[in-house]
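The values are calculated or read from the model by the stated rules, or taken from the named source; none is laboratory data. Remember, predicted model here, so these are calculated numbers, not experimental data. Here the Cβ positions follow ideal geometry from the backbone for every residue, glycine too, while neighbour counts run over all protein chains shown. What goes into the accessible areas is simple: the full protein's heavy atoms, side chains included, and nothing from ligands, DNA or RNA. Shrake-Rupley method; radii C 1.70, N 1.55, O 1.52, S 1.80 Å.
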Amino acid sequence: MIFYVVATPIGNLDDMTYRAIRVLSNVDVILCEDTRTTKNLLNHYKIITRTMSYHANSDDGKENTIIKMIKEGKTLALVSDAGTPCISDPGVRLVKRLYEEFPHISVQAIPGANALISALSISGISVAEFTFLGFVPHKKGRASFFGKVAQSEIPVVFYESPHRIMKMLSSLTNVLEKNTHHSIIVARELTKIYEEVVRGSAIEVLSYFENHPDHVRGEFVVIVSPK
Ligand code: SAM
């Protein structure tokens, strides 16, 4: 009994592994965060496997259906809209439930693209150790989030949306104001046409985006590194 957790591209459709294509072609059903998004990828690779939705709001009933399918002998794979499932993406609750329901199940990772690891790999900073904080909290927990970032002695990585990137950079500028010993690396639109990496102090990176409002779009990974 195998359940596959399959990484898919974070932008460039060519970033699929041979193994991911083979697994997605051969399983009975692919569980997708958004079936329409995954269909684009499947069509690109002429994969005709049946899809079923499984997302952040999927309830116990959906999980029961999945468990029943596995009991019937079906092999399933989980994908998210982009990158590695369960990393700031749906799937954790399902995988936990599978271990509880099927003590002998083999949950297998089909590794591939991941935004935070891609950003770290081109950051130019030493990442022998780092902390990943997921998404910046919108309201509650924001102050303690930035406190944690400012005080960390190792690089901190997080995800931010284009709607809040400027607010995040001003918060970072404020919190790091008296501390000039940080490098900020913003990796935008990785693997896509407008991919770019912006590096500097918090104020320098903030000014860059203030001066290039057309770059305040797409997807962002932010790294804050004590020098
Ligand atoms: N599971 C995904 C992974 O493995 O990277 C992350 C999913 S999370 C819901 C989506 C966030 O990841 C985006 O808001 C952005 O912060 C980051 N992200 C995803 N694709 C990206 C890309 N191509 N370039 C930069 N950041 C990206």
Out of everything in the stretch 181-227 that is in contact with a Lys or Arg (Cβ under 6 Å, 6 or more places away or on another chain) and within 16 Å of the ligand (Cβ to nearest atom), what residue ends up being farthest from Lys167 (Cα to Cα)? Glu196
Counting only residues that are away from the ligand (no atom under 11 Å from the Cβ) and either closer than 20 Å to Asp28 by Cα or touching a helix residue (DSSP H, G or I) at 6+ places or on another chain (Cβ under 7 Å) (or both), the stretch 66-98 contains a total of 17
Among the residues of the stretch 39-52, is any among the aliphatic types (A, V, I, L, M), farther than 20 Å from Gly112 by Cα and modelled with pLDDT under 95? no
Per-region count, the stretch 122-137, residues open to solvent by less than 70 Å² (accessible area, probe 1.4 Å) and not in a strand (DSSP E or B): 5
If you scan the stretch 110-121, which residues turn out to be away from the ligand (no atom under 11 Å from the Cβ) and either open to solvent by less than 70 Å² (accessible area, probe 1.4 Å) or not assigned by TED's automatic domain parsing to the domain that holds Leu190 (or both)? Ile110, Leu120
